[in-house]
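What follows is a single structure, written as structure tokens, with notes after it.
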Amino acid sequence: MLGQFALLAQDTELLGPLDWSIVLIYFAILILIVWLTSRKQDSTDEYFLAGRNVGWFVIGCSLFASNVGSEHIVGLAGSGATQGAGMAHWELHAWVLIMLGWIFVPFYYTSGVSTMPEFLEKRFGSTTRWILSVVSLAAYVLTKVSVNVYAGAIVFETLLPTTFGSPAAAFWVGALTTVILTGIYTIFGGFRAVLFTDTAQAFILLIGSALITWIGLGKLGGWGELQAFAQTNVADYALWRPMNDPDFPWLGILMASPIVGIWYWCTDQYIVQRTLAAKNLTTARRGTIWGAFLKVWPVMIFLVPGMIAAALNEKGIIELPLTDSGGINGDKVFATMVAEMLPIGLRGLVIGGLLAALMSSLSSLFNSCATLFTIDIYQKLKPKSTQVQLVRVGRIATAVVVILGILWIPILRSMSEDSGLYKYLQDVQGYLAPSITAVFLLGLFYQRTNSAGAIVGLVAGFMMGMGKLTIQLLHKTPEGQEPATLLNRVADFNFLYSSGVLFAATVILIVIVSNVTPAPKEERLKGLTWYSIDKKLVRDSWTTIDLITTGIVLACVIGIYGYFSFWI
């Protein structure tokens, strides 16, 4: 992913005056939005949740834009070229967003919480709140924030290799520029600025990527030509892979994809915070439905272009760069398509989309980190703090996250030389998600789950996941060799299966501990479990239009799944 723009540097005339004008117009609009939304940031509800008065359209756009970073635009194109439809399962998580709106949001919204750790505290006590806050903050800084900052630096290094004297200088100018500009508008604009800039960026992402798909199909000769190409490479381009597939076995996908999806879309502060800013429960749900509809399309506009590029490469229409082993270099697929297929002007629009993806993800991360620290840590330590003081702490926390992201860059850059970095980042999700998903699901649907069970589940699940990751990093069997020890076999165990095993083990632990320790008191469960929530209040929050639009989204997901399951 982070080698995404390497080919762009080969052509110093790639971006013309019109392209740069489009990019500058984008930044001017961004500044205007921040200025218009940065007033009246004097309360925690306003600064962290935009006054809880945001409409469904903005919420849905923000859900989509926050999810789609540069790894989607570029990384999915690379995956499409090298692995076909294998990664589509994660991009069809629109159905999980529907779960967020219909199942999870009613609990979050009616309980009046501002963060996911705060919800766990209401259900299980303060210890779980501390655990989830610390784990989430560490994960954000060391993975999401640092990767996005690094990606922004790579954009500058490859697009402007000599503008600042050398590629290395361009890298650091890019890193500092990306993180500081995004940090500034997040610090001063608060969550409202994040939401409204996300709305603008969502459409830039959709339009720019859709143009790549449309132009690519035109050059290839239509969808039939793409399908014919995929049929000659069924093993590499099928949606469902055999059980012995080393990367995406179908059973592993069925196990891990829902676990990771529920954690990411339904329990992670980074995503769920958008729904908490809604005017009411009806608006929150409709925001998730709209976001789910937008989430249907990444397969067609991010993944399919990669397959188109591979087909064009085979026909000799474009030439994709190769790795040392002779395979397609996935990181450079998107850059090649931009360089060889798009005319002047459209290149600027697509580059603007890439910058939008980077800044949208970063701004969401910065604000979520600040919210977690201020609400779940600082306010717990200083419960008498005024609203103005909490907003000030939130701004300081955002600045600290910005600084930490910059400090992590040299380490991340040295790690990026190892080809396993992105596999490592992908694995982290599979190892982090099971324990959190298990605690939230059992907390909502199994009333006997108590504080002791939740604490053991969070701690043991996290330790098991990080233990698997550590063993994997230290004892992975070198390619071409046979595993010699038990540790080698544990390290080689597919990450998808590992996620399923970790989830099952955590569930068993939680259930056992919860049943051998005192049951939670009934009064503490009111409104926090499926059996005790005010069902009339929930029922009154939706109408026929919500059912119809939900049906449309699910029909789209089923349709895409059905088509790609049998398309070759």
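The values are calculated or read from the model by the stated rules, or taken from the named source; none is laboratory data. Nothing here was measured: the structure is a model prediction, and the numbers come from that model. Every residue, glycine as well, gets a Cβ built from its backbone with ideal geometry; the counts of neighbours run over all protein chains shown.
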Which listed residue, of I552, I533, I510, is touching a residue at least 40 places away in the same chain (Cβ under 8 Å), within 18 Å of G291 (Cα to Cα), aliphatic (A, V, I, L, M) and out of contact with any His (no Cβ under 8 Å at 6 or more places or on another chain): I552
Single unsatisfied condition, A153 versus (1) within 30 Å of I344 (Cα to Cα); (2) modelled with pLDDT under 70; (3) more than 23 Å from the chain's Cα centre (by Cα): (3)
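Would you point out which residue out of A85, A65, A81 is assigned to a helix (DSSP H, G or I), aliphatic (A, V, I, L, M), crowded, with 23+ Cβ neighbours inside 10 Å and touching a strand residue (DSSP E or B) at 6+ places or on another chain (Cβ under 6 Å)? If you could, list the steps in order and put the result at the bottom.
Values: A85 fails: touching a strand residue (DSSP E or B) at 6+ places or on another chain (Cβ under 6 Å); A65 fails: touching a strand residue (DSSP E or B) at 6+ places or on another chain (Cβ under 6 Å).
Checking each option against the conditions leaves just A81.
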Options G316, G345, G352, G330; residue that is out of contact with any Leu (no Cβ under 8 Å at 6 or more places or on another chain) and surrounded by fewer than 18 Cβ atoms within 10 Å (Cβ to Cβ): G316
Residues of segment 255-283 being farther than 23 Å from G443 by Cα and outside any loop (DSSP other than H, G, I, E, B), in sequence order, are A278, T282, T283
What number of residues in segment 432-457 are surrounded by 24 or more Cβ atoms within 10 Å (Cβ to Cβ) and without any contact (Cβ under 8 Å) to a residue 60 or more places away in the chain? 1
Spot the failing condition for F57; the list is (1) part of a helix (DSSP H, G or I); (2) at pLDDT below 80, and only one is missed. (2)
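Among the residues in segment 251-262, are any farther than 27 Å from F564 by Cα and either in contact with a helix residue (DSSP H, G or I) (Cβ under 8 Å, 6 or more places away or on another chain) or in contact (Cβ under 8 Å) with a residue 24 or more places away in the chain (or both)?
Going residue by residue through segment 251-262, those that are farther than 27 Å from F564 by Cα are none.
No, segment 251-262 contains no residue that is farther than 27 Å from F564 by Cα and either in contact with a helix residue (DSSP H, G or I) (Cβ under 8 Å, 6 or more places away or on another chain) or in contact (Cβ under 8 Å) with a residue 24 or more places away in the chain (or both).
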When the residues of segment 536-549 are narrowed to those that are in a helix (DSSP H, G or I) and in contact (Cβ under 8 Å) with a residue 24 or more places away in the chain, which ends up farthest from R285 (Cα to Cα)? L537
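Quick grid of which residues meet (1) assigned to a helix (DSSP H, G or I); (2) within 30 Å of D236 (Cα to Cα); (3) of a type in the set (V, I, T); (4) at pLDDT below 75:
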| residue | (1), (2), (3), (4) |
| --- | --- |
| L303 | yes, yes, no, no |
| M337 | yes, yes, no, no |
| G352 | yes, no, no, yes |
| M359 | yes, no, no, yes |
| S368 | yes, no, no, no |
| Y378 | yes, no, no, no |
| R392 | yes, no, no, no |
Would you say R286 is at pLDDT 95 or above and either not in a helix (DSSP H, G or I) or not acidic (D, E) (or both)? yes
Of the residues that make up segment 519-534, is at least one more than 31 Å from the chain's Cα centre (by Cα), surrounded by fewer than 14 Cβ atoms within 10 Å (Cβ to Cβ) and either within 13 Å of T110 (Cα to Cα) or at pLDDT 95 or above (or both)? yes
Would you mind stating whether A505 is farther than 30 Å from A230 by Cα, surrounded by fewer than 13 Cβ atoms within 10 Å (Cβ to Cβ) and touching a residue at least 40 places away in the same chain (Cβ under 8 Å)? no
Subset tally (residues that are surrounded by fewer than 24 Cβ atoms within 10 Å (Cβ to Cβ) and in contact with a Pro (Cβ under 9 Å, 6 or more places away or on another chain)) for segment 264-290: 1
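Could you run through segment 513-530 and say how many residues are in a loop (DSSP other than H, G, I, E, B), in contact (Cβ under 8 Å) with a residue 60 or more places away in the chain and farther than 12 Å from G443 by Cα? Spell out the reasoning first.
Within segment 513-530, the subset in a loop (DSSP other than H, G, I, E, B) is 517-521, 526-530.
With in contact (Cβ under 8 Å) with a residue 60 or more places away in the chain added as a condition, the list becomes 517-520, 527-530.
From what's left, farther than 12 Å from G443 by Cα: 517-519.
Within segment 513-530, residues that are in a loop (DSSP other than H, G, I, E, B), in contact (Cβ under 8 Å) with a residue 60 or more places away in the chain and farther than 12 Å from G443 by Cα number 3.
Return yes or no: is T449 more than 29 Å from N244 (Cα to Cα) and not in a helix (DSSP H, G or I)? First the steps, then the outcome.
On the way: more than 29 Å from N244 (Cα to Cα): yes; not in a helix (DSSP H, G or I): yes.
It is true that T449 is more than 29 Å from N244 (Cα to Cα) and not in a helix (DSSP H, G or I).
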Residue check, Y497 part of a helix (DSSP H, G or I), within 23 Å of the chain's Cα centre (by Cα), hydroxyl-bearing (S, T, Y) and modelled with pLDDT of 90 or more: yes
All but one of (1) touching a Gly at 6+ places or on another chain (Cβ under 9 Å); (2) buried (at least 23 other Cβ atoms within 10 Å of the Cβ); (3) at pLDDT below 70 hold for L160, so report the exception by its number. (2)
Only unsatisfied item for Q429, checking (1) closer than 30 Å to I204 by Cα; (2) at pLDDT below 80, is (2)
